[in-house]
Structures are given as C-alpha cells and as structure tokens.
Amino acid sequence: MRRSRIMKNLNKITFGFIALFMSISSLSIAQSEDAIIGTWLNTEKDGRIEIYKSGNEFFGKIVWLQDPNENGKPVVDSNNPDESLSSRPILGLPLLEGFTYEDGVWEDGTIYDPKSGKTYSCVMKLKGDDTLEVRGYVGVSMFGRTVLWSRYD
C-alpha cells in the first residue's frame, strides 16, 4: 500500500517535470525565432540594418549610414542593374528579404549587396545574443561569403 502511494507521487512529480520542461522548451523556441529582430551594425561598421518581422517572414533595411551623402546628395543605389532602381537612396533600402525560421536558422531569404548591385541567397544564424552570422551565396551555401554583424540596440 505504502509502495503504491510512493509510486503515484513519483509519477506525479515525473509528469510535472515533463510538463514544465515542455512548456519551457516551447517558450524558448518562440523567443529564439524573433531573436534577430532589432538593429545590427555591419562588419565594416559603416551601416546599420534593422531586422523586422512581417507575417511569418523576416526582412531588413538600412537605417543608418556613416556617410549618407556624397557631394551633398544622398548616396543612391547606382550599381543596381535595374535602371529604374538605381536612383533610389541607399538609406532605407531593403537589404534582407523573405527569411523564414527553422531549427535555429533563418533561411530561404535573399541579401542585396548595394556595393555590387547583386542579390544572393542567404542564411543567418545567431552566435550568442549579440553576433549574427550572415552568409550570402550563389547556388550552394558552400560557395559563399560569411560576415558577422554586431547587435546595435
């Protein structure tokens, strides 16, 4: 009799720990999905990118430039191969588009490089809370370039 009561109590405790673990796990997953939201300083430290979420996708735009003007005029997207876009200002320019989150990776998005006018496939991963690994590539992720951005806010 006493043994069955002990077993019931152990089962309750075990069930409680499992329920607690599962609720904490789901909470940390939900938090980590939005962990890249905020402002990031690029590798060269001459630009800041604001990453935000719209629907289920993540995007980023340039919100600060160290040198936003050239010859007294705003720096424009002059290297863009689409002539209709080559006169748009770099400040406010969409840089990251269409990322989705899965298993600690923001993927299936693109990154635009205003210095070359090219758009690349891209994946992003957090390295700690304040470093974002951004990898742009063509075709296969193995053939690409990785940069590290630092959290600004």
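The values are calculated or read from the model by the stated rules, or taken from the named source; none is laboratory data. Note that the structure is predicted; figures quoted are calculated from it, not measured. Cβ: placed from backbone, ideal geometry, glycine included. Neighbour counts: every protein chain shown.
If you check Gly104, Gly92, Gly109, which single one turns out to be surrounded by fewer than 17 Cβ atoms within 10 Å (Cβ to Cβ), small (Gly, Ala, Ser) and free of Cβ contacts under 8 Å to residues at least 60 places away in the same chain? If you could, list the steps in order and put the result at the bottom.
Working: Gly104 fails: free of Cβ contacts under 8 Å to residues at least 60 places away in the same chain; Gly109 fails: surrounded by fewer than 17 Cβ atoms within 10 Å (Cβ to Cβ).
Gly92 is the lone residue from the list that is surrounded by fewer than 17 Cβ atoms within 10 Å (Cβ to Cβ), small (Gly, Ala, Ser) and free of Cβ contacts under 8 Å to residues at least 60 places away in the same chain.
Of all strands (runs of 3 or more DSSP E) completely enclosed by the stretch 7-65, which ones contain at least 3 residues that are in contact with a helix residue (DSSP H, G or I) (Cβ under 7 Å, 6 or more places away or on another chain) and either at pLDDT below 95 or not assigned by TED's automatic domain parsing to the domain that holds Asp77 (or both)?
Those strands (runs of 3 or more DSSP E) do not exist here; none qualify.
Give the stretch 35-46 a look and list any residue that's in contact with a Phe, Trp or Tyr (Cβ under 8 Å, 6 or more places away or on another chain) and either touching a residue at least 24 places away in the same chain (Cβ under 8 Å) or charged (D, E, K, R) (or both), or say none. Before the answer, list the steps.
In the first step, residues of the stretch 35-46 are kept if they are in contact with a Phe, Trp or Tyr (Cβ under 8 Å, 6 or more places away or on another chain); the result is 36-43.
Those that are in contact with a Phe, Trp or Tyr (Cβ under 8 Å, 6 or more places away or on another chain) and either touching a residue at least 24 places away in the same chain (Cβ under 8 Å) or charged (D, E, K, R) (or both): Ile36, Gly38, Thr39, Trp40, Leu41, Asn42, Thr43.
A count restricted to the stretch 112-127 and to residues that are of a type in the set (S, T, N, Q), surrounded by fewer than 17 Cβ atoms within 10 Å (Cβ to Cβ) and touching a residue at least 12 places away in the same chain (Cβ under 8 Å) stands at 1. Summed over the stretch 77-106, residues that are under 17 Å from Lys61 (Cα atoms), of a type in the set (A, V, I, L, M, F, W, C) and in a strand (DSSP E or B) total 4. Scan the stretch 50-89 residue by residue and report those that are surrounded by 11 or more Cβ atoms within 10 Å (Cβ to Cβ), within 14 Å of the chain's Cα centre (by Cα) and free of Cβ contacts under 8 Å to residues at least 24 places away in the same chain. Scanning the stretch 50-89 gives Glu50, Tyr52, Lys53. Here is the figure for the stretch 107-153: residues that are over 18 Å from Phe58 (Cα atoms), assigned to a strand (DSSP E or B) and of a type in the set (Gly, Ala, Ser) total 1.
Considering the stretch 128-145, the residues that are exposed (fewer than 15 other Cβ atoms within 10 Å of the Cβ) and of a type in the set (D, E, K, R) include one that is farthest from Asp34 (Cα to Cα), namely Arg145.
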